[in-house]
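The values are calculated or read from the model by the stated rules, or taken from the named source; none is laboratory data. Because the structure is a prediction, the values reported are computed rather than measured. Don't worry about glycine lacking a Cβ; one is built from the backbone with ideal geometry, like all the others, and counts go over all protein chains shown. Note: areas computed on protein heavy atoms with side chains; ligands, DNA, RNA excluded. Shrake-Rupley method; radii C 1.70, N 1.55, O 1.52, S 1.80 Å.
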Amino acid sequence: SGKLAGPLHGVVMAIKDQYDTFDMRTTSGADAPYANDRPPDDSTFVARLRAAGAIILAKSNLGEYASATPRSSFGGTFCNPYDTERIPRGSSSGSGSAVGANLVTCAIAEESGSSIRGPASAASAVGIAGTEELVSRDGMIQIGINTRVGPICRTVEDAAKILDVIAGYDPKDELTAFNVGRMPSQPYASFARETRLDGLRIGVVREYMNKALFTKEDEQTIDLVSAAAADLSGCDIVDEGR
């Protein structure tokens, strides 16, 4: 048509295989009879992505029934795209790895613990796990008391652009009523620009940076986070847990 379909025109995406898409089966990683069935319609956020012009390329593998283990009986074992002998973290392992391996531009993940942030960090990507009421969970297998929908992308701005499309009220998920009147007045992506840190207060949870409580393999990560905190000049660093 020569016209943009929407703000996500042509953006290629993978959806964690815990959410319905009308054109692909939903397995939640389980090798069960219903893995051969396709749902009749999209999850609400998937429909919003399509309406914005996104291309839903594939479902991404996950720890079976959203377990933290990076393996499913339906899709098998999965690996970190940067080092196949390392864990991609879970349960949204496939979503993080799909972005890290350049198979898609962005992916949708889900977390109740750290299943967005973990796979994103393991794939050198950006994950946003908003509050539970921010994005509709309609069309999800295993909706729980703390399940949150969010994007994994290569940049903060890309992740914010996805969030702009999928966030908001949905009558199919009554919990989203709590975001009515509480959404930002400007798009999330407008806040993703570079700016100074003057006046910001940033908390550093030192309790989780005590090397005595962790393994040898964690020490390099702790050192990197400590160095990054020291580099945040211009803002007020608040050490928590000391």
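In the range 220-238, which residue that is exposed (fewer than 12 other Cβ atoms within 10 Å of the Cβ) and of a type outside the set (Val, Ile, Thr) is farthest from Ser121 (Cα to Cα)? My answer is Gly234.
A quick yes/no check of all residues on (1) at pLDDT 95 or above; (2) of a type in the set (S, T, N, Q); (3) open to solvent by 10 Å² or more (accessible area, probe 1.4 Å):
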| position | (1), (2), (3) |
| --- | --- |
| Ser60 | yes, yes, no |
| Glu64 | no, no, yes |
| Ala68 | no, no, yes |
| Phe78 | no, no, yes |
| Arg86 | no, no, yes |
| Ile108 | yes, no, no |
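Report yes if some residue within the range 90-113 is in a strand (DSSP E or B) and among the acidic types (Asp, Glu); otherwise report no. Within the range 90-113, one or more residues are in a strand (DSSP E or B) and among the acidic types (Asp, Glu).
Residues that are more than 23 Å from Gly100 (Cα to Cα) and polar (S, T, N, Q): does the range 166-178 have at least one? Yes - at least one qualifying residue is present in the range 166-178. When restricted to residues that are more than 22 Å from Ser73 (Cα to Cα) and aromatic (Phe, Trp, Tyr), the range 1-43 contains 1.
If you go through the range 143-171 and keep only what is touching a helix residue (DSSP H, G or I) at 6+ places or on another chain (Cβ under 6 Å) and farther than 16 Å from Ala129 by Cα, you end up with Tyr169, Asp170.
Within the set Lys161, Lys172, the sole residue that is open to solvent by 30 Å² or more (accessible area, probe 1.4 Å) and part of a loop (DSSP other than H, G, I, E, B) turns out to be Lys172. Could you look through the range 131-157, keep only residues that are open to solvent by 50 Å² or more (accessible area, probe 1.4 Å) and under 13 Å from the mean Cα position of the chain (by Cα), and pick out the one that is farthest from Asn102 (Cα to Cα)? Applying the filter and picking the extreme gives Thr131. The condition of being open to solvent by less than 20 Å² (accessible area, probe 1.4 Å) and within 20 Å of the chain's Cα centre (by Cα) holds for only one of Ala30, Ala14, Ala47, Ala35, that being Ala14. Taken over the range 27-83, the residue count meeting the criterion of being in a helix (DSSP H, G or I) and not aliphatic (A, V, I, L, M) is 9.
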